[in-house]
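Here is the structure we will look at.
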Amino acid sequence: MEFAAVYHRAVDNYSYMLDENQLIINIKTGYDVKEVNIVYGDPFSNGILGGGEEWTGDKAPIPFKKRLKYQLWWTTTIQPDYKRLKYYFELVTDSERWYYFEDGFVSDGQMHIKGRSRQCFTFPWMNPIDINKVPDWVNETVWYQIFPERFCNGDPSRNPEHVKEWKYETGIKHRDFYGGDIKGMRKKLDYLKELGITGIYTTPINEAPSNHKYDTTDYEKIDPHFGDDEEMRNFVTEAHQRGIRVMLDAVFNHAGYFFKPWQDVLTNGRDSVYFDWFMINEWPLSNQWDAAKKKQLYTFAFCDAMPKLNTNNKDVRKYLIDVACGWVKKYDVDGIRLDVANEVSHVFCKELRTALKELKPDIYILGEIWHDAILWLRGDEYDSVMNYPLGSSIKDFFIDKSLTGEDFEFMINRCYTNYMNQTNDVLFNLLDSHDTIRLRSVVNGLDEYNCLIALLFTMPGTTCIYYGTEIGMEGGFDPDCRRCMPWEDIEQGKYNEQISRTKQLIKLRKEEKLMRERNFHFPADYANPRVIQFQKMGWGETLEVIVNSSEEDLEIVKDKDSKILFSIRLEGDVLHTNGVCIRYLSNKQNI
C-alpha cells in the first residue's frame, strides 16, 4: 500500500462538527486504496480508558470520495450516540488490508496480538459552542465590489483638488483622483438592485490621503471627499431598503503615515505613549523612507508610509475592536472585510469576532488571505476568506491549454477539501478585484469571458463580481484595474447585451439552489480533455454544467425533458468552442 499518501488527524477539516449531532470525518489515501471502512464507537463503551478494556466498534463503509491530483479524499458523516467518538480506519487495496491508527499502520496479524495497544483517533466531546457557525444569509448573496473613488461622482462639491475629468479608458495613474464618493454609490443603488445584487463590499471609506484609502489617517471619520457619517448611514439604510447588505473594509494590519499615533511616535520617539502600537525594531530610524528594508520598522510589504500595527498589544486590539464595533453601531453594516488578514495576531482575530458577534450575531467576518487559511477558519476567527485560489484555478484552465477537464476536477476538489463544509458554503468567490488584473484583460474574447463568469456562478460559497464585471470592463494590473465606471456608455445602451447575460446568471444563482450546492459529480472518463463537465444533484433534480474549451464543436446528448437554463454558443445539439451550457436533466446523463 502507498502508506505515504494516507493522512488523517482528528482536527480541522479532517474531523469536525457539522452541527450538534453530526461529525464529518475525512481521510486522504492513495489511488491504490479501493475501499475504506471506519470502525467507530464510544470511547467508554467497554470500560474506562487504561482499565484493561477490550474496545471494539461498529464498522461502516466510507461511501463518498473526491479525486485529487495524487490522492483520494474519502468522506463520511457519523452521529455519535453520546457526543464523543473513538475510531480507526480499515484500508483495502486489491491485495492488502491495513488498519490505520493515530500512531500509524497495523497489519491484520498485528491486530490479533493480545494486549497490543490500539491508539485510536478520538473526538473527545461535541460541545455546541465549538461548532463552526457562519451567517446563513451569505450563501444566497451576490456581492458587488465597489472602489468608491472610481465608481460614481455623486457630489462634485466634495471633489479633491486637482480632480481629473471622469474617463473610462486606460491611463489611470496611482495618484489620480476622479471624484467618486458615497453619494455616487447611493445614486446607483437602483441600478444594482435591477442587476440582482444583494450585497455591496466597498473598499475603505475612512479618511486617508490616497485614492484607495488603505493608508488610514482616521479610522473614526469618513473621508471628507467621500462624504460624512450621515451620508454613510443613508447609504446603508437605502441599500437595506432594497434588500442589499453592506460590508466595509477594515485596514487593521497597518495604518497610514498621517495616523495621529504614528505622527506622535515620529515626534516623541520612545517617549510616545504609542511607541509600542507599532512594530519598531530600532530607534531612531536612520531614514524613515528606507526603514522597512533595513528591518528597523515593519510595515505593509515594504511601504514605509504604512507602518504595521502591533496587534500583540492589548491597547491596539481594544482600539481597533472599538473602531469596528463603532462602524456597526453607527452605520448598521452587515459585514467586515479585514485587509492583510493573515498578518494580524490570532488573539486579535478571536477578540474581534467575539465583540462583533455579540453586537450583531449574523455579521459576516471576511479575511483577505490568498493561501490555505485553515488556521483562521476554525470557527473562532473569520467566517470566510477571499477565495483567490479558486479564481486562480478557474483562470489557469483557460490560460494553460495543457490542462484538462480532469485537472479542473482536481483543482476544484482541492479548493473545497481545504475547509469545513460550513466554510465552503460562505467562501468569498471572485475572479478579479481591485488588487488584480481584470478578468476581461486575461481571456480571449467575450465568449470565453462569459464561460468563466458562468463557472464562478456555479461554485459553492458566495459570489462576488468587481464593479464593471457586468459589462466586461477591461483593465491591467493596479492601477489600471481601477478605471472609472463608464456610466454614459451604460446609459446609452452600449453594454445592454452583456448586462443582460450577467442578470441571467445572477437570477439563476439566486433562484436555483443547485447553483450553490457544495457537492460536485465529475465524469469517470473525459472523452475530450479540454471540456469541463460536472453535475450537481439534489431535491430531485440534476444540474449539469458543460464548458467547451476545445478546438472542436461538441455534440451534446439531449432528451425531451432537459431544460436549458443558460447557454453561450449552443446551437441545437452542438456546443461550439468557448461555449457554456447550464441545464437541468431529467436523469443523470453524460456527453
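Here are the numbers:
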item: Cα gyration tensor shape of region 304-392, rounded if a/c is under 1.5, else prolate or oblate by comparing a/b with b/c; result: oblate
item: Under the Karplus curve 6.51 cos²θ - 1.76 cosθ + 1.60, θ = phi - 60°, whole-Hz ³J(HN,Hα) for region 3-20, x wherever Gly or Pro sits; result: 4, 5, 7, 8, 8, 7, 9, 7, 8, 6, 6, 8, 7, 7, 7, 7, 7, 5
item: Inter-probe distance in nm under a simple model that places probes 7 Å from Cα toward Cβ, at ASP573 and GLU358; result: 6.6
item: Distance from region 213-227 to region 538-591 (C-alpha centre basis), Å; result: 49
item: Phi-based couplings in Hz for region 348-363 (Karplus 6.51, -1.76, 1.60; Gly and Pro marked x); result: 4, 4, 5, 5, 4, 4, 4, 5, 5, 5, 5, 6, 8, x, 9, 5
item: Extension gain, LYS173 back to TYR584 (0.36 nm per residue minus Cα-Cα distance, nm); result: 143.3 nm
item: Relative packing of peptides 510-519, 177-186, 56-65 - highest average C-beta neighbours within 10 Å first; result: 177-186, 510-519, 56-65
item: Relative intensity, log₁₀ I(q)/I(0), of region 166-215 from a Debye sum that treats every alpha carbon as a point, q = 0.14, 0.15, 0.16 Å⁻¹; result: -0.49, -0.56, -0.63
item: Lys pairs under 17 Å by Cα in region 202-357, provided they are eight or more residues apart or on distinct chains; result: 18
item: Cα pair distances in region 455-573, grouped into 10 Å bins until the bin that holds the longest one, percent each; result: 10, 33, 34, 18, 4, 0
item: Computed over the chain, Kirkwood Rh from alpha-carbon pairs, angstrom; result: 26.4
item: Mean ellipticity per residue at 222 nm, deg cm²/dmol - from DSSP H runs of n ≥ 4 across the chain, formula -39500 (n - 2.57); result: -6500 deg cm²/dmol
item: In nm, spacing of pseudo-spin labels at ASP561 and HIS346 (7 Å Cα→C-beta vector); result: 5.1
item: Rounded FRET efficiency, nearest 0.05, which uses the C-beta distance separating ASN234 from ASP81 and R0 of 35 Å; result: 0.05
item: Square roots of five times the Cα gyration tensor eigenvalues for region 508-591, Å; result: 20, 14, 12
item: Gain upon complete extension [LYS318, ILE374; 0.36 nm per residue less C-alpha separation]; result: 17.7 nm
item: Inter-label distance, nm, simple model (7 Å from Cα along the C-beta direction), SER157/LEU18; result: 5.7
item: Shape of region 268-312, Cα gyration tensor, a/c cut at 1.5; result: oblate
item: Length added when fully stretched, LYS164-ASP103, from 0.36 nm per residue minus Cα-Cα; result: 15.3 nm
item: Förster-model FRET efficiency, 35 Å R0, TYR70 and LEU446, C-beta, rounded to 0.05; result: 0.45
item: Overall form of region 85-133 per C-alpha gyration tensor (a/c, 1.5; a/b vs b/c); result: oblate
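Bear in mind that the values in this text are calculations on the coordinates, not laboratory data. The shown structure was predicted, so the numbers you read here are calculated from the model rather than taken from an experiment. Every residue, glycine among them, receives a Cβ derived from its backbone with ideal geometry; neighbour counts consider all protein chains shown.
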